[in-house]
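Reviewing the structure listed below.
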Amino acid sequence: MNYTTDRWSLCLAWAVVACAACCPAMAGPVSPEYVEQQRAVVNAALAQEKPAEEVTYDLIEMLLSEDLFVPRFAAEALKERELSERQMIHLSNIVWMVPFGRDEGCIRILQWTGSDVCSKYAWDVLAHHTLRDLPAEAQVQWLIGQMRTVGASPQRVAWAASSRASKLGAVAVPALIRALEREGTLAQQAAGGALMDIGTTEAQTAVAGWSIHTLEAYDNPLLWQQAALWLGRLGSAAAFEPLERVLWAHLESTHIWAVIDALVTIDAKRTVAPLVRVVGEHQPDDDHVELVTAYLRAATALARMGDERGWDALEVSAASPVAELRRKAPFAAFATHDERAREILTGLTGDEDEQVVSQAEYWLTELNRTLERMKQGEQ
């Protein structure tokens with residue numbers, strides 16, 4: 001899967017799954033007939049005998065439909081039509097103001113799933129008409145502006161802008177590098193994501209340099225977590241020591257998993273010693289519950305590398321008096337993708353804590369499915 005092109009597809013897919021669970025009308029798989037019915041709604045609007053401007057406004061309102069596919073088909077139709085300045089403003093209002101001012105179908109989807117689907121399609125149409133006649137340099141500047149703006153769904157808009165900017169390729173790199181170095185946190189992350197997706201040497205060098213500087217200069221967990229993720233993807237050997245310093249400086253942070261993953265990706269053998277120190281000297285207790293994330297991530301990483309000290313730590317977690325550690329242990333055991341995790345998960349299904357039992361049962365089922373797929377893949 002291409003991360004750049006499928007960010008919004010993943011959001012919509014999650015919306016379908018979640019709505020099926022939460023809304024009786026969406027129960028069961030979505031049939032081709034249902035999708036075509038949704039398309040027919042939009043086609044009927046297009047066939048109306050009324051002025052073109054009114055039809056366009058009807059299509060814009062369809063972006064707020066509670067039906068999952070109507071907004072998508074309405075957006076496709078809107079991209080083929082001419083939009084007035086007032087209609088563009090109307091689209092902007094949907095993008096930035098919907099969750100604060102409307103209680104329509106889109107908001108019900110938002111409440112069910114956390115995915116602001118209609119705002120996504122409104123932004124997609126807005127971007128299409130804004131950018132279609134602009135040169136590439138002007139397009140990237142507008143997109144960077146979208147990365148920094150705030151409103152109903154700033155993260156989703158920022159990453160949609162990032163995805164579109166990455167499609168511009170190398171021509172967008174200089175402006176994106178400037179945004180990475182100068183903008184606020186969200187815009188920096190979006191610009192860096194576009195640079196990573198473009199993937200030229202210049203783009204990757206800029207991201208690596210910014211990321212290492214961020215590890216050394218800032219305590220903002222949102223920044224150093226993102227820096228760690230990028231450095232792991234880049235396999236930056238120069239980042240190992242800065243990442244290790246962040247590990248010990250922020251061991252109690254919930255964001256520390258990204259640092260541990262990056263260290264393992266960059267140099268698994270060299271990472272064994274600090275991971276052994278984490279599970280050996282920093283076991284969570286009632287006074288240090290914040291260590292749960294680091295402890296379990298380190299344990300899983302060691303177990304995946306075949307180190308018995310990782311399995312020992314997972315077994316300790318499953319028997320710990322610290323409820324939070326036992327609640328997080330099922331996923332840590334599952335993440336090993338190893339037959340040995342079954343015993344740990346099975347034991348946790350008998351825990352006295354209902355949350356532990358629920359997590360253990362769920363991840364035991366997922367482990368069985370994963371191992372079966374792995375087995376089939378080997379055949």
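Values quoted throughout were computed directly from the atomic coordinates according to the rules given, and no laboratory measurement underlies them. What you see is a predicted model, and the numbers here were worked out from it, not measured in a lab. All Cβ positions, glycine included, derive from the backbone under ideal geometry; neighbour counts span all protein chains shown.
Measure nothing fancy, just the Cα-based angle from helix 136-148's long axis to the longest principal axis of the chain, in degrees from 0 to 90, nearest 10. Taking the Cα atoms of the chain, the angle to 136-148 is about 60 degrees.
With both labels modelled 7 Å from their Cα along Cα-to-Cβ, the residue 355 to residue 86 distance reads 5.3 nm. Between the range 315-369 and the range 218-283, the C-alpha centres lie 24 angstrom from each other.
The rule of thumb for compact globular proteins, 2.2 N^0.38 Å, goes into the C-alpha radius of gyration of the range 296-341 0.99 times. The C-alpha atoms of the chain define a longest principal axis, and helix 221-234 lies at about 80 degrees to it.
Using a cut-off of 28 Å between Cα atoms, the listed pairs 120/375; 79/167; 167/375 include 120/375; 167/375 as exceeding that distance.
Relative contact order of the range 230-379: 16 percent, from C-alpha pairs under 8 Å at least 6 residues apart in sequence.
Using Cα pairs closer than 8 Å and at least 6 residues apart in sequence, work out the relative contact order for the chain, in percent.
Over the chain, the number comes to 8 percent.
Legend: P(r) of the range 259-358 from all alpha carbon pair distances, 5 Å bins from 0, whole percents, reading 2, 15, 27, 24, 18, 9, 3, 1. Here, the chain yields an orientationally averaged convex hull projection of 22.1 nm² when only Cα atoms define the hull. Sites listed here are GluC sites (Glu not before Pro) in the range 287-360 whose DSSP assignment is loop and whose Cβ has at most 14 other Cβ atoms within 10 Å: 339, 352. Measure nothing fancy, just the Cα-based angle from helix 354-378's long axis to the longest principal axis of the chain, in degrees from 0 to 90, nearest 10. Relative to the chain, helix 354-378 is tipped by roughly 80 degrees.
Extent along the principal axes, Cα only, for the range 200-293: 47, 28, 16 Å, with the longest axis given first. The equivalent ellipsoid of the range 162-208 has semi-axes of 14, 11, 8 Å, largest first, where each one is the square root of 5 times an eigenvalue of the Cα gyration tensor. Computed 3J(HN,Hα) for the range 239-247, one whole-Hz value per residue from the Karplus formula 6.51 cos²θ - 1.76 cosθ + 1.60 where θ = phi - 60°, is 8, 4, 5, x, 5, 5, 5, 5, 3, glycine and proline marked x. Averaging over all projection directions, the Cα-based convex hull of the range 134-199 occupies 3.7 nm² in the image plane.
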